[in-house]
1. Could you please find all residues in the range 85-112 being surrounded by fewer than 17 Cβ atoms within 10 Å (Cβ to Cβ) and touching a Ser or Thr at 6+ places or on another chain (Cβ under 6 Å)?
2. For the range 35-69, give me each residue that is more than 25 Å from residue 131 (Cβ to Cβ) and acidic (Asp, Glu).
3. In the range 133-142, which residues are under 15 Å from the mean Cα position of the chain (by Cα) and either crowded, with 21+ Cβ neighbours inside 10 Å or within 24 Å of residue 46 (Cβ to Cβ) (or both)?
4. Here are the criteria: (1) farther than 14 Å from residue 53 by Cβ; (2) open to solvent by 70 Å² or more (accessible area, probe 1.4 Å). Tell me which single one residue 154 does not satisfy.
5. Take the residues in the range 57-80 that are among the aliphatic types (A, V, I, L, M) and under 22 Å from residue 27 (Cβ atoms), then tell me which one is most open to solvent (accessible area, probe 1.4 Å).
6. Report every pair of residues separated by at least 6 positions or lying on different chains whose Cβ atoms are under 9 Å apart, first residue within the range 50-67 and more than 13 Å from residue 153 (Cα to Cα), second charged (D, E, K, R) and outside any strand (DSSP E or B).
7. Run down 126, 115, 145 and say which single residue is over 23 Å from residue 66 (Cα atoms), modelled with pLDDT of 95 or more and open to solvent by 20 Å² or more (accessible area, probe 1.4 Å).
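The values are calculated or read from the model by the stated rules, or taken from the named source; none is laboratory data. Note that the structure is predicted; figures quoted are calculated from it, not measured. Methodologically, a virtual Cβ is constructed for each residue, glycine included, from the backbone with ideal geometry; neighbour enumeration extends over all protein chains shown. The protein model used for the area step is the full one, side chains on, heavy atoms only, and it has no ligands, DNA or RNA in it. Shrake-Rupley method; radii C 1.70, N 1.55, O 1.52, S 1.80 Å.
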Amino acid sequence: MKKYIFFLFAVLAFALTACDNETEPGGTAVEKMAGDWMVSATDANGTQSGYFMVYTYNTAANVTTEMFIEAGGEAPFVYKAKMAVEYDARTFTMADFSDNMLASEEDAPAKIKVTNGKVEEGAATTPSGMPADKISFTLELEDGTVYTIEGFRRTGFQEDNLI
C-alpha cells in the first residue's frame, strides 16, 4: 500500500509542475548592448586589421551599469575586461586602464582601456546589405597604441561571416 501512495504523490508532483506555462524567460540587464560583434580595428596610421569577434555580455551582478567586453582575435586583440555602462544612452567606457583577464595568453596585452564605446541600433549595413546594430569604441593598450574598433552585430548569415 505504501508504494501505491508514494507512486500517487510522485505522479501528482510531476503533473502539477510539468505544465508551468506562466514562466517568462526574460533577458539580461544589458541585453540591447550584449552580443557577438564582427569588428575590425584601425590604428593611428589608418591601417585596418582583418575582422575578428568581440563579445559583450552582462556581469554576474546583472545590472545596467556594467558589462564585460571580450575579444577573440589575434594579438593584440585578445582581451577581457569589465566596463562601466550608461544603458539608456547605449554607451560604455573604462575610467582608467584595467587588467586584461586574458593576459596569460600569448602576446595578450596586460592592461587595456576602452573609451568612447557606443552601440547604435540599426546603424550598420552588413556585407549582405541588411541593417544591423553597430558597435564602435577606442581601444588603448598600455604601450600607448590606440585602435578604433568598429563593426556590426553578428547576424548568423554566411554572407555576413567575414572570418
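1. Residue satisfying the conditions is 93 alone.
2. Across the range 35-69, the qualifying residues are 43, 66.
3. Within the range 133-142, 134, 135, 136, 137 qualify.
4. Only one criterion is unmet by residue 154, namely (1).
5. 60
6. What qualifies is 50/74; 58/31; 64/88.
7. 145
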